[in-house]
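Below you'll find the structure, written out as structure tokens, and then a few comments.
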Amino acid sequence: MTITTRLYTFFHGHPVGVDRFGNKYYREKNPPKNRREKRWVMYNGLPEPTKVAPEWHGWLHYTFDKPPTERNMANPKWLKTPIPNLTGTKGAYVPPGHLLRGGQRDPATADYEAWKP
């Protein structure tokens, strides 16, 4: 984060909470009456939007009026821990047939028929 973001947060930000990744969430101290309050996040470490927890994402994007710290929100059983975006890293997905995997792909199966004009 830049020094200007830190200064703006110091003078205009009211701390709302911290998520499981250590990101800190803020809202505007005194929003004008003609618009909604500003909300933002100060990332813990590198700014990586995929590290914003889903419950906080809804609050940041004005889906919920109250932050997760002010409402009771049970996690469903199917909710998984978010993973970061791996694009551009060694952990990125490379499908079969990609040049990084040798460029060889399986031949077309019998159920495929090429279009002929």
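Can you tell me, using C-alpha contacts under 8 Å and at least 6 residues apart, the relative contact order of segment 1-47 as a whole percent?
Working: 57 pairs, mean separation 15.1, N = 47.
32 percent.
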**Q.** Angle between the chain longest axis and helix 3-12 axis [Cα atoms, degrees, rounded to 10]
**A.** 40 degrees
Q: Tell me which residues come under 5 Å, amide H to amide H, from K38 once H is placed; ignore anything under 5 positions away on its chain.
A: E28
Q: Calculate, for the chain, the solvent-accessible area per residue in square angstrom, rolling a 1.4 angstrom probe over the heavy atoms of the protein chains.
A: 84 Å²
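Once neighbouring chains are kept in place and the probe is 1.4 Å, which whole percent of the accessible area of segment 38-117 is contributed by carbon and sulfur?
Numbers: 3940 of 6960 Å².
Heavy-atom surface of segment 38-117 belonging to carbon and sulfur, 1.4 Å probe: 57 percent.
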Q. Going toward the positive end of the dipole of the chain, with +1 on Lys and Arg Cβ and -1 on Asp and Glu Cβ, which of A114, L99, P47 do you reach last?
A. P47
Q: Give me the lysines in straight-line cross-link reach of K51: C-alpha distance below 19 Å, same-chain residues under 8 apart excluded.
A: K24, K80, K90
Q) How high is the relative contact order of the chain, given as a whole-number percent (alpha carbon pairs under 8 Å, six or more residues apart)? A) 15 percent
**Q.** T63 accessible area, 1.4 Å probe, all protein chains in place, Å² to nearest 10
**A.** 100 Å²
Q: Compute from the Cα atoms of segment 1-114 the Rg and the Dmax, the latter being the longest Cα-Cα distance, and quote both in angstrom.
A: 21.2, 67
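The values are calculated or read from the model by the stated rules, or taken from the named source; none is laboratory data. Values in this document were obtained by computation on a predicted structure and should not be read as measured data. When we count neighbours, we look across all protein chains shown, and the Cβ atoms used for this are built from the backbone with ideal geometry, even at glycine. These area figures cover heavy atoms from the full protein model, side chains too; ligands, DNA and RNA do not enter into them. Shrake-Rupley method; radii C 1.70, N 1.55, O 1.52, S 1.80 Å.
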